[in-house]
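Peer 1: Dropping the structure in here first, questions after.
The values are calculated or read from the model by the stated rules, or taken from the named source; none is laboratory data. Just so it is clear, the structure is predicted and the values come from calculations on it, not from any experiment. Ideal geometry is used to build each Cβ from the backbone, glycine not excepted, and the neighbour counts take in all protein chains shown. Please note that ligands, DNA and RNA were not included when accessible areas were found on the heavy atoms of the full protein model with its side chains. Shrake-Rupley method; radii C 1.70, N 1.55, O 1.52, S 1.80 Å.
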Amino acid sequence: MPVMPIGACMVAEACERAGHRVTMLDLMFARQPREAVGNAVRSSRPDVVGLSVRNIDNNDMRETAFFLEDVRRIVNAVREHCDAPVVLGGAALAVMPEAILRFCEVSCAVLGDGETVFPLLLDRIAEGEPFGDVPGIAYLDHDGFNATSCPGQDGTTECGAPGYHRWLNVPAYSSQLATAPLQTKLGCAFQCVYCTYRKIEGNGHRLADPLSVADAVMRLAASGLRDVELVDSVFNVPYDHARGVCDELSRVKHGARLQSLELNPRSFDDELVSAMERAGFAGMGLTVESASDRVLAGLRKGFTTREVHHAADVVRRHDLPCAWIFLLGGPGETRETVRETLRFAESRTRPQDVVFFNIGIRIYPGTELESIARRQGILTAHSDQMLRPVFYVSPEVDAAWMMNEVRRSMSSHMNFINTDSIGLSILPRVHRVAHLLGVRPPLWKHTRFIRRSLRMMGMDV
Ligand code: B12
């Protein structure tokens with residue numbers, strides 16, 4: 001699914017508010033990105049070029065895609081046509097700034113919230129002043145790599161719904177059932193061993209006023225963007241804030257269909273799901289990762305199978321479509337724990353819900369998983385050699401065996417999918433056909449039907 005670049009749009013709008021002239025080039029649908037870059041640079045003659053880099057790779061251990069070669073080609077295409085300094089930003093940069101700057105041969109990146117930091121940086125560049133002390137940036141100079149600390153990762157946040165129509169080809173996104181992203185908060189306080197969310201957004205919460213969230217949803221819906229996805233790191237923590245957001249949304253007639261794929265089973269109960277239903281949710285995702293206490297403890301998820309089973313009970317008492325997300329192969333995983341998780345998925349999830357299995361975990365430098373992998377002798381690469389993805393699989397279980405077990409379960413459960421399913425090359429066409437037929441997101445709630453149809457055509461995974 002093409003993801004609408006909320007971050008880049010927010011940054012573009014903030015720069016305009018600060019008095020700069022901004023041109024946005026979205027390469028999502030560009031068939032010839034280098035030519036598109038050349039044309040855009042020649043016509044807009046920029047003083048500075050900012051590139052938004054979301055994904056380093058696809059987190060898929062089997063069919064790994066590494067995206068930064070493309071970024072490097074885009075940087076080169078910019079430089080062929082102008083001398084403007086290039087600045088990188090986006091979630092990827094917060095994860096591995098130094099390695100990305102070196103790989104892309106760019107000397108400056110924004111690590112903090114782009115909408116605050118980039119305008120400050122532009123002012124310095126415009127004045128010809130040194131910018132090494134701007135908070136929330138990273139740069140390479142003759143001394144090597146430098147990073148300044150990110151400003152204010154506490155307090156509150158604005159719920160900014162960018163004017164997507166101004167910056168993007170919205171019909172092209174809608175024709176593939178893309179949702180309009182919106183954030184109700186920043187930050188994540190969980191300690192999961194593999195995760196980078198704390199590094200990207202900080203570990204304290206910055207909450208948006210629920211009234212402003214309702215207002216932003218209304219504005220998006222009024223502009224025709226009626227499928228809105230809440231893209232918080234975790235939607236339902238803090239619990240009271242999520243409830244407050246739902247309550248405000250249920251008070252207004254916004255006409256949007258909401259979803260969030262980032263719910264945690266810890267703060268999950270009937271009252272929350274009822275509030276989500278009243279608020280206009282059309283789908284939710286539970287990132288439970290495992291149904292084994294040994295693995296949940298190994299991943300440091302902060303909840304146990306008690307909460308996982310409780311979540312299944314809650315889901316069953318409601319109508320809201322649910323996507324269950326599992327991550328197999330973490331520390332402590334064995335054949336028995338995999339079987340436990342599969343048994344849970346087969347017996348406790350509803351047949352109309354989708355169940356997604358990811359196998360193997362991308363190891364990021366600086367995470368606890370990196371230390372675990374080194375201790376276990378799984379990882380030997382130096383931390384600056386981890387840009388090209390390296391994956392963790394528990395030494396107590398074999399990846400090929402897990403894949404077979406998941407496939408076996410998928411063959412009798414048509415609502416189960418794995419990374420091969422979301423990588424199917426026919427999926428964009430499925431999205432387009434669904435859009436033409438008037439189907440509304442989330443498409444995953446039709447997984448059983450889609451897989452059966454693909455199976456009949458011999459195209460299921
Ligand atoms: C929500 C989410 C999703 C949702 C998206 C739904 C939607 N409709 O948008 C779903 C579940 C679909 C998803 C899918 C995937 N995701 Co995801 N996702 C996220 C999450 C939690 C939030 C992203 C978000 O929208 N943030 C809010 C916006 C406002 O922030 P932002 O984009 O980062 O922008 C800010 C800054 O980065 C900066 N900035 C951005 N652009 C620019 C440009 C310039 C010039 C400057 C100066 C600054 C700047 O300023 C912005 C405003 O503050 C992040 C983790 C996180 N907490 O960031 C992972 C994350 C982005 N995802 C990630 C990945 C890997 C994926 C998948 C590849 C997973 C998979 N195997 O399928 C897919 C790819 C989908 C795609 N087509 O790109 C990784 C990317 C890094 C990496 N390892 O490569 C992240 C960081 C999580 C992680 N593993 O660490 N994802």
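Peer 1: Over the chain, what is the percentage of antiparallel beta bridges among all DSSP beta bridges, to the nearest 5? If you can, show how the numbers build up before the last one.
Peer 2: Working: 12 of 43 bridges.
Bridges in the chain are about 30 percent antiparallel.
Peer 1: If you don't mind, there's one more thing I want to ask. Given Cβ point charges of +1 (Lys, Arg) and -1 (Asp, Glu) and nothing else, what value in debye, to the nearest 20, does the dipole of the chain about its Cα centre take? Please list the in-between numbers first.
Peer 2: Working: 51 positive and 56 negative charges, 353 e Å.
Here the chain has a charge dipole of around 1700 debye.
Peer 1: Note the per residue figure in Å³ for the convex hull of the C-alpha positions in region 168-254. Numbers along the way, then the final one.
Peer 2: Working: hull volume 9.4 nm³, N = 87.
For region 168-254, the hull spanned by Cα atoms encloses 108 Å³ per residue.
Peer 1: Please report, as a whole percent, how much of the solvent-accessible surface of the chain comes from carbon and sulfur atoms (probe radius 1.4 Å).
Peer 2: On the way: 10230 of 20490 Å².
Accessible surface attributable to carbon and sulfur in the chain totals 50 percent.
Peer 1: Could I ask something else about it? List the residues of region 208-234 whose backbone N lies under 11 Å from a point placed 7 Å from the Cα of Ser149 along the Cα-to-Cβ direction.
Peer 2: none
Peer 1: Across 10 Å bins from the origin, how do the percents of Cα pairs in region 248-383 run, short distances first?
Peer 2: 11, 38, 28, 16, 6, 1
Peer 1: Also: Relative to the Cα centre, what is the charge dipole magnitude of region 403-461, using +1 at the beta carbon of each Lys and Arg, -1 at the beta carbon of each Asp and Glu, and rounding to the nearest 20 debye? Provide the component values of the computation, followed by the final result.
Peer 2: Numbers: 10 positive and 3 negative charges, 44 e Å.
Result for region 403-461 is approximately 220 debye, rounded to the nearest 20.
Peer 1: Gln32 to Thr116: FRET efficiency via 1/(1 + (r/R0)^6), r the Cβ-Cβ distance, R0 41 Å, to the nearest 0.05?
Peer 2: Values: r = 34 Å, r/R0 = 0.83.
Calculated transfer efficiency: 0.75.
Peer 1: Would you pull out the residues with amide H under 5 Å of Asp57's amide H, same chain only if 5 or more places away, H placed 1.01 Å from N?
Peer 2: Phe67
Peer 1: Please flag any cysteine in the chain that has no other cysteine's Cβ under 4.7 angstrom from its own Cβ.
Peer 2: Lacking a cysteine Cβ partner under 4.7 Å: Cys9, Cys15, Cys82, Cys104, Cys108, Cys150, Cys159, Cys188, Cys246, Cys322.
Peer 1: Mark the label point 7 Å from the Cα of Tyr239 along Cα→Cβ and return the residues of region 306-335 whose backbone N is within less than 14 Å of it.
Peer 2: Backbone N within reach: 307-308, 310-311, 314.
Peer 1: Using a Cα-Cα cut-off of under 23 Å, which lysines could be cross-linked to Lys253, ignoring same-chain neighbours fewer than 8 residues away?
Peer 2: Correct list for Lys253: Lys185.
Peer 1: How far is helix 447-456 tilted, in degrees, relative to the longest principal axis of the Cα atoms in the chain, given as a value from 0 to 90 rounded to the nearest 10?
Peer 2: That works out to roughly 80 degrees.
Peer 1: Another question, if that's okay. Would you mind getting the Kirkwood hydrodynamic radius of the chain from its Cα pairs, rounded to one decimal in Å?
Peer 2: On the way: mean 1/r = 0.0430 Å⁻¹.
Roughly 23.2 Å, rounded to one decimal.
Peer 1: Under a 1.4 Å probe, what is the accessible area of region 389-429 per residue, stated in Å²? Write down the numbers at each step before the final one.
Peer 2: Values: 1800 Å² over 41 residues.
It amounts to 44 Å² per residue over region 389-429.
Peer 1: Working with all protein chains in place, sort Trp167, Trp444 by solvent-accessible area computed with a 1.4 Å probe, largest first. Mind dumping the intermediate values first?
Peer 2: On the way: Trp167 25, Trp444 50 Å².
Greatest to least solvent exposure: Trp444, Trp167.
Peer 1: Which far-off residues, 5 or more places away or on another chain, put their amide H under 5 Å from the one on Trp324, with H placed in the peptide plane?
Peer 2: HN-HN under 5 Å from Trp324: Leu286, Val354, Val355, Phe356.
Peer 1: In Å, what Kirkwood hydrodynamic radius results for region 163-217 from the alpha-carbon pair distances? Display every interim value, and only then the final one.
Peer 2: On the way: mean 1/r = 0.0731 Å⁻¹.
So the Kirkwood estimate lands at 13.7 Å.
Peer 1: Moving on to the next point. Give me the percent relative contact order of region 158-235, please, defined on Cα pairs under 8 angstrom at least 6 residues apart.
Peer 2: Numbers: 97 pairs, mean separation 33.5, N = 78.
After rounding, I find 43 percent.
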